[in-house]
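Note sheet for the following structure.
Bear in mind these aren't lab numbers, they're just calculated from the coordinates by the rules spelled out. What you see is a predicted model; the values in this text were computed from it and never measured. Glycine gets a Cβ as well: all are built from the backbone with ideal geometry, and neighbour counts include every protein chain shown.
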Amino acid sequence: MEKRELGKTGLKVSAVGFGASPLGHVFGDVPLSVAIAAVRRALDLGINFFDTSPYYGGTVSETVLGQCFKAIGVPRDQIIVSTKCGRYREGFDFSAERVTRSIDESLTRLGLDYVDILHCHDIEFVSLDQIVNETIPALQKIKEKGKARFIGITGLPLSIYTYVLDRVPPGSIDVILSYCHFGINDSTLVDLIPYLKSKGVGVISASPLAMGLLTDNGPPTWHPASDELKSACKLSAEHCRKKGKQITKISMQYSLLNKDISTVLVGMNSPTQVEENVAAALELSSSGIDKELLNELENILGPVKNQTWPSGIQQS
């Protein structure tokens, strides 16, 4: 598995990252034995980056991931772990007091002394000025205490990153985690990369399948995309099926093409899913992407290219 530098952190993360939200039973029940087998298979195949949050499954994802690490007995220096703060089952709270308490709770659940990255989770749902003036300074203190090595911010609208990064002291934020903005249907994250590089910020991209849009089963009923976008993605999946191809595989491969994106996080809940994602990455390294199929999909998705959906509150 290819390893990539994550911004200026010095961390070398696997190009495919293990998204642990499914371990919180958010997409259905996952027996602990299956979760352990999935994490073990990921480690065997060279995945070293694991991402979770107290929000996923109402703390269950963190707890299960911690149980997996303990059961496997993986050396701490062989894994890179990120979790989040500020978003919880009961709502959003980015106050200094809550995020300070949050990291201690997360470390207990994960069975770790520190996390490598602590992200502010989905900051577009609160005042960004609170993130700048209260949350990031609180996370700096957490970092100084050695409970988190690096600090990140996450969310859907790309405008949140420039707003915050332009207002915090240089070096305050080490990474960003963007989702649904680097896939076949939406590649707008690319436009932001030169700016992020200028700030010395590493880039993590998540949800290469656009929260289920680029799958054979299609998105969940609650998916916020427009009917037009859903329809175009459904046509894309059908086109792949007719050609005996998998839309999930080419979508995953497309998301790995840009080497300025250090890791692509994808949710996994079984050894089979791990193997499929790693196989897609290895095939990309050895054979490249199916350019003919990619061009056909880009034509189908052309009318909805870079269409996104609203998320969070309107920032003044």
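Over segment 1-107, Cα pairs under 8 Å with separation of 6+ residues give a relative contact order of 25 percent. The lysines whose alpha-carbon is closer than 23 Å to the alpha-carbon of K147, local same-chain residues fewer than 8 away aside, are K8, K12, K70, K84.
Only helical DSSP H runs with n ≥ 4 go in: add -39500 (n - 2.57) per run for the chain, normalise by residue count and round the 222 nm mean residue ellipticity to 500 deg cm²/dmol. Write out the running numbers ahead of the final one.
Working: 10 runs with 121 residues, N = 316.
Mean residue ellipticity at 222 nm (helix-derived): -12000 deg cm²/dmol.
What lysines could a cross-link reach from K234, if we take a straight Cα to Cα line under 22 Å and drop same-chain neighbours fewer than 8 places away? Those lysines meeting the cut-off are K242, K243, K245, K249, K291, K305. Note on I289 and N217: the model spin-label points, each 7 Å out from Cα along the C-beta direction, lie 2.5 nm apart. Taking all Cα pairs closer than 8 Å and separated by 6 or more residues, the relative contact order of the chain comes to 21 percent. The phi torsions of segment 207-222, fed into the Karplus equation with coefficients 6.51, -1.76 and 1.60 and a -60° offset, translate into couplings of 6, x, 9, 6, 6, x, 4, 9, 9, 5, 6, x, x, x, 4, 7 Hz, rounded to whole numbers, with Gly and Pro shown as x. Under 5 Å from the amide H of Y179 lie the amide H atoms of G155, A206, each residue being 5 or more positions distant or on a separate chain, with H modelled from the backbone and absent for Pro and chain starts.
Cα centroids of segment 20-47 and segment 61-99: 15 Å apart.
Distances between placed amide hydrogens fall under 5 Å for G17 paired with V264, L265, V266, all partners being 5 or more residues away or on another chain.
Which percent, nearest 5, of DSSP beta bridges in the chain are antiparallel? That works out to approximately 15 percent antiparallel.
Within the chain, the percentage of alpha carbon pairs spaced more than 30 angstrom apart rounds to 29%.
Of all beta bridges that DSSP places with both ends in segment 88-193, some 10 percent have antiparallel geometry. If you average the C-alpha positions of segment 193-246 and of segment 114-187 separately, how far apart do those two centres end up, in angstrom? Taking the Cα centre of segment 114-187 as reference, the centre of segment 193-246 is 23 Å away. The Rg/Rh ratio for segment 1-149, using Cα coordinates for both the radius of gyration and the Kirkwood hydrodynamic radius, is 0.96. Measuring nothing but alpha carbons in segment 215-277 and taking Rh as the Kirkwood radius, the Rg to Rh ratio lands at 0.99. May I ask you to derive the FRET efficiency for E144 and K242 from their Cβ-Cβ distance with R0 = 51 Å, giving the value to the nearest 0.05? For R0 = 51 Å, the calculated efficiency reads 0.35.
Computed on segment 64-176, the Cα convex hull volume stands at 103 Å³ per residue.
Rounded, prolate or oblate, given the Cα gyration tensor of segment 1-80, with a/c below 1.5 counting as rounded? Present the calculation step by step, with values, prior to reporting the outcome.
On the way: a/c = 1.99, a/b = 1.55, b/c = 1.28.
Judged from the Cα gyration tensor, segment 1-80 comes out prolate (a/c at least 1.5, a/b above b/c).
Give the peptides 301-314, 96-109 in descending order of average Cβ contacts within 10 Å, highest first. All intermediate terms of the calculation are to be shown ahead of the outcome.
Details: 301-314: 13.6, 96-109: 17.4.
Packing proxy ranking, top to bottom: 96-109, 301-314.
Placing dummy labels 7 Å off each Cα toward the beta-carbon, the span from F125 to S95 is 1.7 nm. Each label was represented as a point 7 Å from its Cα along the Cα-to-Cβ direction; for Y163 and N306 these points are 2.0 nm apart. Looking at segment 1-128, the DSSP beta bridges with both ends there are about 35 percent antiparallel.
Using a Gaussian network model of the chain whose springs link C-alpha atoms within less than 10 Å, name the residue from G183, G267, G218 with the highest mean-square fluctuation. Among G183, G267, G218, the largest GNM mean-square fluctuation belongs to G218.
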